[in-house]
Amino acid sequence: MTEALLPSQPALTRIRVAVDAPQHSGLTGPLDYLSPAALAPGSLVRVPLGRREMLGIVWPGEPSADTDPALLRPILSTLDGLPPLSSAWCQLVEFAANYYQRSVGEVALSVLPPQLRELDGQKLKLRMKRATQLAAKHAPLPGDAPMPSVPTLSPAQAEVLAQLDALLAAPRERAAPPPVLLYGVTGSGKTEVYLRAAEHALKQGRQVLVLVPEINLTPQLEARFAERFVGHSLVSLHSGLTPAQRLRHWLSAHLGEADLVLGTRLAVFASMPRLGLIVVDEEHDPSYKQQDGARYSARDLAVYRAHLEKLPVILGSATPSLESWQRANEGRYKRLALPGRIGGGAMPRVRLFDMKMLPLTKGVTTALTAPLIQALRTRLERKEQSLIFLNRRGYAPVLHCGECNWKSDCPHCSAWRVFHKGDRTLRCHHCGFTERVPSACPTCGNQDIAPLGRGTERLEEQLAETFPEARVARIDADSTKHKGQLEAQLQAVHAGEVDILVGTQMITKGHDFRGITLVAAINPDGALFSSDFRAPERLFALLMQAGGRAGRDAEQAARSEMWVQTWHPEHSLYKALAKHDFEAFAQSQLAERESAGLPPYAHLALLRAEGRTAEAAKGFLDAASAYAQQLPEAQGVLIYPAIPMSVARVANVERMQMLVEADSRGALQRLLWHWMPELHALKREHKGLLRWAVDVDPLGI
Ligand code: ADP
Ligand code: ZN
Ligand code: ZN
């Protein structure tokens with residue numbers, strides 16, 4: 001082995017390399033290696049780790065001087081030819097790793113395109129060449145394509161842009177401009193503002209990063225940007241790309257060839273040497289939070305990145321997150337508002353339909369109420385489209401035997417299996433366990449087992465029965481499993497081939513449906529009484545967004561309605577919704593949060609543990625809590641007792657969680673910093689424990 005030779009090779013330089021060491025190894029920082037030459041920070045290298053060979057990144061900062069050089073191993077090769085990642089990029093990754101309590105190497109390597117790991121220097125050079133050629137091809141020469149039609153700005157847009165331009169034009173050497181919260185309802189012209197701000201940045205020779213919450217929103221935005229910026233190269237970055245595409249697009253951004261990068265949360269880490277503007281569209285969307293590994297918030301990291309690189313960042317939303325709203329209230333973000341819809345389209349009139357007014361009938365039939373049926377019929381007669389929103393897929397959430405009370409529980413989870421009628425299965429939405437629907441009750445043999453409650457599949461069936469002449473379609477995770485299905489279905493809606501569209505929250509986002517004049521939420525009350533304090537915020541955003549699908553066409557706006565069926569029409573959330581009054585809603589929610597000591601007035605982390613038994617998971621969390629309590633950093637930080645998660649058992653694993661609450665971000669970070677590293681050792685003492693993880697700023701409680 002080469003190690004034996006090392007001491008006699010004094011020419012070797014000590015360098016720090018970030019590698020993706022397994023979390024349980026407790027190696028959280030970069031590791032020291034020896035290199036025949038000094039390498040620029042941000043360079044990619046291949047290094048040995050244990051018996052494996054891995055991709056690593058030469059990390060900025062001084063190697064530790066105290067390790068015996070005889071113990072250090074030399075790097076294996078360098079991926080030269082690739083320009084090093086910038087120090088700002090390394091700083092962003094290091095911040096994310098520290099803040100979300102993961103190792104630097106894990107975060108760094110997990111946000112690079114996976115194919116980079118497999119390539120040697122030679123192959124990489126070929127890929128770089130191809131990325132460059134493609135970028136050139138992607139961008140037609142000006143003159144080749146028709147000039148894009150650029151609308152004249154509305155006065156509100158012009159006002160917003162005047163303020164933005166001042167931020168964009170400010171010299172970057174000084175302080176970072178404040179993040180901008182662009183607040184405007186659906187159709188108020190936010191995207192046009194992004195386009196103009198992007199144009200400004202492009203003119204200055206800068207790159208633009210645009211984040212969207214979901215992959216299926218990228219194509220339409222990509223089309224809008226591509227149409228506007230003929231002559232500029234644009235790439236997308238999201239998990240739906242093939243590994244080769246992802247590498248090509250990433251390289252194109254990294255080499256500075258792509259002018260515009262459009263992507264989902266992972267794109268916040270795109271390496272962009274000329275970055276000049278970041279846009280986060282629908283900034284309130286929960287999809288910006290990564291739900292495993294390093295549980296980062298791409299929205300928050302975008303703000304941090306902008307601060308770090310002294311760039312403007314625009315956070316856009318019709319229903320901003322209460323965190324962002326509060327920061328704007330405090331003056332830390334600059335709030336710019338677009339108060340109305342472009343072209344004067346009104347927001348749909350909201351009708352709160354009081355379910356208590358209905359004559360009492362049994363369970364299932366009530367959701368498709370007679371008045372709603374009448375409203376749908378009117379639309380059919382006028383050849384207008386309707387959209388019905390029900391956030392529960394499948395036919396029915398549970399099957400039930402009236403004789404012995406059997407219910408279709410999942411043998412592996414503390415949850416019901418959902419009845420899917422289309423393929424006659426009982427499916428667990430938590431572990432995936434699927435069986436054919438039994439023809440009789442498995443316990444007592446009763447032939448008459450019945451679905452309880454309703455999902456989108458059943459609603460679709462009932463609508464088809466009620467309106468045999470109507471074209472009913474359904475969009476949810478089940479109807480769009482295969483590639484291209486969602487696009488085809490959306491296309492059908494746009495083409496007017498659908499009269500009534502049923503769907504989950506998938507249909508409430510972003511899509512610019514022109515013909516819809518009725519949006520109905522048939523059963524949204526559940527979120528009002530959820531144990532998750534963010535449920536009302538999310539419900540309000542979803543309903544506003546769903547409502548935003550109606551009346552986008554100014555001509556139809558006057559006839560547009562949003563129908564909310566509720567048992568609690570007096571609830572303040574619905575009252576605010578009826579007036580499209582996000583500000584009133586935000587104010588009342590913030591007041592509640594403040595008095596309850598919840599975010600944004602407090603800072604949370606969740607420590608989660610999974611074990612073969614609930615005792616094992618709880619035992620670990622209790623021990624972790626006991627350890628924390630004796631740390632001086634725990635002063636003033638509240639550590640709650642461990643409790644089972646809302647679905648406690650999934651795939652035969654018992655899950656517990658423990659909430660940690662602090663008044664300030666700093667106090668929370670200080671405690672985690674001293675506490676988390678100890679938990680790797682603690683885990684070894686708890687045999688029944690399978691995994692643990694910490695979620696900083698968790699979204700779901
Ligand atoms: P948002 O992003 O807030 O939903 P958009 O920017 O998509 O709003 O604008 C809504 C619609 O209005 C789009 O069809 C867009 O092309 C159009 N639009 C935006 N700004 C203008 C303008 N100044 N003049 C005319 N049409 C506009
Ligand atoms: Zn039975
Ligand atoms: Zn299950």
### Message
Using a Cα-Cα cut-off of under 23 Å, which lysines could be cross-linked to Lys618, ignoring same-chain neighbours fewer than 8 residues away?
### Response
Lys683, Lys687
### Query
Dividing the alpha-carbon Rg of segment 279-371 by 2.2 N^0.38 Å yields what?
1.65
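Relative to the Cα centre, what is the charge dipole magnitude of segment 351-489, using +1 at the beta carbon of each Lys and Arg, -1 at the beta carbon of each Asp and Glu, and rounding to the nearest 20 debye?
On the way: 21 positive and 16 negative charges, 58 e Å.
Rounded to the nearest 20 debye, it is 280 debye.
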### Message
Applying a 10 Å radius around every beta-carbon, put 266-275, 568-577, 303-312 in order of their mean neighbour count, most first.
### Response
266-275, 303-312, 568-577
### Query
Roughly how many Å is it from the Cα centre of segment 594-668 to that of segment 153-191, as a whole number?
40
#### Entry: Burial order of peptide ranges 281-294, 533-546 (average beta-carbon count within 10 Å, highest first)
533-546, 281-294
### Query
Could you state the number of Å between the C-alpha centres of segment 288-316 and segment 405-438?
38
### Message
For the chain, take the longest principal axis of its alpha carbons; what is the angle in degrees between that and the long axis of helix 190-203, to the nearest 10 within 0 to 90?
### Response
30
### Query
So how do 630-639, 13-22 stack up, highest first, on mean other-Cβ count within 10 Å?
13-22, 630-639
#### Entry: Solvent-accessible area of Tyr640 with every protein chain in place, 1.4 Å probe, in Å² to the nearest 10
80
#### Entry: Reciprocal of mean inverse Cα separation for the chain (Kirkwood radius, Å)
27.9
### Query
With a sphere of radius 12 Å drawn around the Cβ of Met272, what net charge do the other residues whose Cβ falls strictly inside it have (Lys, Arg +1; Asp, Glu -1)?
0
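With the alpha-carbon atoms as the only input, what is the per residue convex hull volume for segment 182-235 in Å³?
On the way: hull volume 4.9 nm³, N = 54.
Roughly 91 Å³ of hull volume per residue.
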### Query
Reachable lysines from Lys129, Cα under 18 Å, same-chain residues fewer than 8 places away excluded?
Lys137
#### Entry: Dipole-positive endmost among Ala40, Ser77, Leu92 within segment 25-95 (Cβ charges, Cα centre)
Ser77
### Message
What translational diffusion coefficient, to the nearest whole µm²/s, does segment 398-473 have by Stokes-Einstein, given a Kirkwood radius computed over alpha-carbon pairs, a temperature of 20 °C and 1.002 mPa s viscosity?
### Response
160
### Message
Just to be sure I understand: of the beta bridges DSSP finds with both ends in the chain, what percent are antiparallel, rounded to 5?
### Response
50
### Summary
For Leu315, other-chain or 5+-apart residues with amide H closer than 5 Å (H placed, Pro excluded) are Val180, Leu181, Leu182, Val280
#### Entry: Under 5 Å, built H, 5+ apart or other chain: amide partners of Ala337
Tyr183
### Task
Evaluate segment 28-163: find the radius of gyration of its Cα atoms, find its Kirkwood radius, and give the ratio Rg to Rh.
1.16
### Probe 1.4 Å, accessible area per residue of the chain, Å²
43
### Task
Before rounding to the nearest 500, sum -39500 (n - 2.57) across all DSSP H runs of length at least 4 in the chain and divide by the residue total; then give [θ] at 222 nm in deg cm²/dmol.
-9500 deg cm²/dmol
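Please state the shape class of segment 477-618: rounded when a/c is under 1.5, otherwise prolate if a/b exceeds b/c and oblate if not, all from the C-alpha gyration tensor.
Values: a/c = 2.61, a/b = 1.38, b/c = 1.89.
Note, shape of segment 477-618 comes out oblate.
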#### Entry: Amide H within-cut-off set for Leu690, under 5 Å, with H built and near neighbours excluded
Glu610, Gly611, Arg612
### Query
Hey, what do the phi angles of segment 111-122 turn into as Karplus ³J(HN,Hα) couplings, whole Hz, using 6.51/-1.76/1.60 and θ = phi - 60°, x for Gly and Pro?
9, 8, x, x, 5, 4, 5, 8, 8, 8, x, 5
### Summary
Expected unfolding gain across Gln447-Glu465 under the 0.36 nm per residue rule, minus the alpha-carbon gap, is 4.0 nm
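Tell me the Kirkwood radius of segment 439-545: reciprocal of the mean inverse pair distance over distinct alpha-carbon atoms, in Å.
Details: mean 1/r = 0.0617 Å⁻¹.
Result for segment 439-545 stands at 16.2 Å.
Too long at a 19 Å Cα-Cα cut-off: which of Lys190/Lys509; Lys421/Lys509; Lys190/Lys289; Lys190/Lys334?
Values: Lys190/Lys509 15 Å; Lys421/Lys509 26 Å; Lys190/Lys289 22 Å; Lys190/Lys334 15 Å.
Long pairs (Cα-Cα over 19 Å): Lys421/Lys509; Lys190/Lys289.
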### Query
Length gain on complete extension for the stretch Leu71 to Ala175, per 0.36 nm per residue less the alpha carbon to alpha carbon distance?
33.1 nm
### Task
Would you be so kind as to identify which of Trp325, Phe467, Gly293 lies farthest towards the positive end of the dipole of the chain, taking Lys and Arg as +1 and Asp and Glu as -1 on Cβ and the Cα centre as origin?
Phe467
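In Å³ and rounded to a whole number, note down the convex hull volume per residue for the Cα atoms of segment 322-412. Kindly include the intermediate steps, with their values, before the conclusion.
Numbers: hull volume 22.7 nm³, N = 91.
In segment 322-412, the Cα convex hull volume per residue is 249 Å³.
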### Task
Note the full-extension length gain between Leu126 and Ala558 as 0.36 nm times their separation in residues minus their Cα-Cα distance, in nm to one decimal.
149.8 nm
#### Entry: Cys404 versus Leu358: modelled label distance in nm, points set 7 Å from Cα along the beta carbon direction
3.3
### Query
Which distance in nm do the two modelled labels at Tyr640 and Leu659 give, with both placed 7 Å along the Cα-to-Cβ direction?
0.2
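So what's the net charge close to Thr566: Lys and Arg +1, Asp and Glu -1, counting the other residues with Cβ under 14 Å from its Cβ?
Values: positive: Arg351, Lys356, Lys575; negative: Asp354, Asp525, Glu570.
Around Thr566, the charge tally is 0.
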### Summary
Two pseudo-spin positions, 7 Å from Cα along C-beta at Ala488 and at Phe433, lie apart in nanometres by 3.3
### Query
What is the Rg over Rh value, at two decimals, for segment 557-679, using alpha-carbon atoms and the Kirkwood definition of Rh?
1.15
### Message
Just to check, using Stokes-Einstein with a Kirkwood Rh over alpha carbon pairs, what's the diffusion coefficient of segment 366-444 at 37 °C and 0.692 mPa s in µm²/s?
### Response
220
### Query
Which net charge results for the neighbourhood of Asp478, defined as the other residues with beta-carbon distances under 12 angstrom from its beta-carbon, given Lys and Arg at +1 and Asp and Glu at -1?
+2
#### Entry: Per-residue HN-Hα couplings for segment 385-398 [Karplus 6.51, -1.76, 1.60; θ = phi - 60°; Hz; x = Gly/Pro]
9, 10, 10, 10, 9, 9, 8, 8, 8, x, 7, 8, x, 7
### Task
Please compute the Cα-Cα pair-distance distribution of segment 649-701 with 5 Å bins starting at 0, giving whole percents from short to long.
4, 14, 24, 23, 19, 11, 4, 1
### Task
Let me know the whole percent of all Cα-Cα pairs from segment 622-680 that are separated by more than 17 Å.
43
## Note on the structure
In debye to the nearest 20, the charge dipole size for the chain, taken about the Cα centre with +1 at each Lys and Arg Cβ and -1 at each Asp and Glu Cβ, equals 860
### Listed residue (Trp675, Met355, Asn391) projecting farthest to the positive dipole end of the chain, Cβ model
Asn391
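The values are calculated or read from the model by the stated rules, or taken from the named source; none is laboratory data. This structure is a prediction, so every number in the text was calculated from the model and none was measured. Please note: Cβ atoms are built from the backbone with ideal geometry, for glycine as well, and neighbour counts cover all protein chains shown. SASA here: full protein model, heavy atoms, side chains in, ligands and nucleic acids out. Shrake-Rupley method; radii C 1.70, N 1.55, O 1.52, S 1.80 Å.
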